[in-house]
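K.L.:
What follows is a single structure, and I will ask about it in a moment.
Taken together, the values in this text are just the output of simple stated rules run on the coordinates, not laboratory data. Quick caveat, the model's predicted, so the values are computed rather than measured. With ideal geometry, Cβ positions are generated from the backbone for all residues, glycine too; neighbour counts draw on all protein chains shown.
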Amino acid sequence: MELVECQQKYWSFIRSLRNKLKEGFIDQSHIKEEEHQRFMEKHHQNYFICLDNAEPIGFIGSVGGDIRVAVSKSHQKKGVGKFMLEGFLENNSHDYATIKIDNQGSLKLFESCGFKKKQYILER
């Protein structure tokens, strides 16, 4: 596996994977192509792609210091998320993660990399 800078050729992969796994994200809305294009034009330098045999299998990035991570279902629970997070944190050690309380996979991932729960946000 390798973690590479996010080039434009990976933007559609990020959108597709994010939309497939949207239940795990705080904002669960479906992202449209035009909206994603504008977002990536502004933030692509903050994202990295995980490749396995030159095939994208996950992404990690940060917007405003908040880390976003996703791994293709076929590669989950195989250490891909931890590989990406550890690599990402080498240059982004002050970033944080906002995680849904029921997203146990993300909670375990971030805690395994030394993150601690700091606060809860309660909504009605």
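K.L.:
Measure up 42/78; 77/108; 42/73; 20/77 against 21 Å on the Cα-Cα distance and list the ones that go over.
P.N.:
Details: 42/78 31 Å; 77/108 11 Å; 42/73 27 Å; 20/77 17 Å.
Correct reply: 42/78; 42/73.
K.L.:
Here's another thing I want to ask about it. Kindly put 122, 17, 107 in sequence by how many other C-beta atoms sit within 10 Å of each C-beta, fewest to most.
P.N.:
By the 10 Å Cβ count, ascending: 122, 107, 17.
K.L.:
If you don't mind, another one. How do 94, 43 line up, fewest other C-beta atoms within 10 Å first?
P.N.:
Lowest count first: 94, 43.
K.L.:
Computed FRET efficiency, Cβ-Cβ of residue 91 and residue 111, R0 25 Å: what is it to the nearest 0.05? All intermediate terms of the calculation are to be shown ahead of the outcome.
P.N.:
Details: r = 21 Å, r/R0 = 0.84.
Calculated value: 0.75.
K.L.:
How large are Rg and Dmax for the chain when calculated on the C-alpha trace, in angstrom?
P.N.:
Computed over the Cα atoms of the chain, radius of gyration and Dmax are 13.9, 45 Å.
K.L.:
Follow-up. What's the exposure ranking of 96, 10, going from fewest to most Cβ atoms within 10 Å?
P.N.:
96, 10
K.L.:
While we're here: Select from 28, 104, 74 the residue farthest towards the positive end of the dipole of the chain; place +1 on Cβ of Lys and Arg, -1 on Cβ of Asp and Glu, and compute about the Cα centre.
P.N.:
104
K.L.:
Taking 7 Å along the Cα-to-C-beta vector as the label spot, tell me the residue 54-residue 98 distance in nanometres, rounded to one decimal.
P.N.:
Roughly 3.9 nm, to one decimal.
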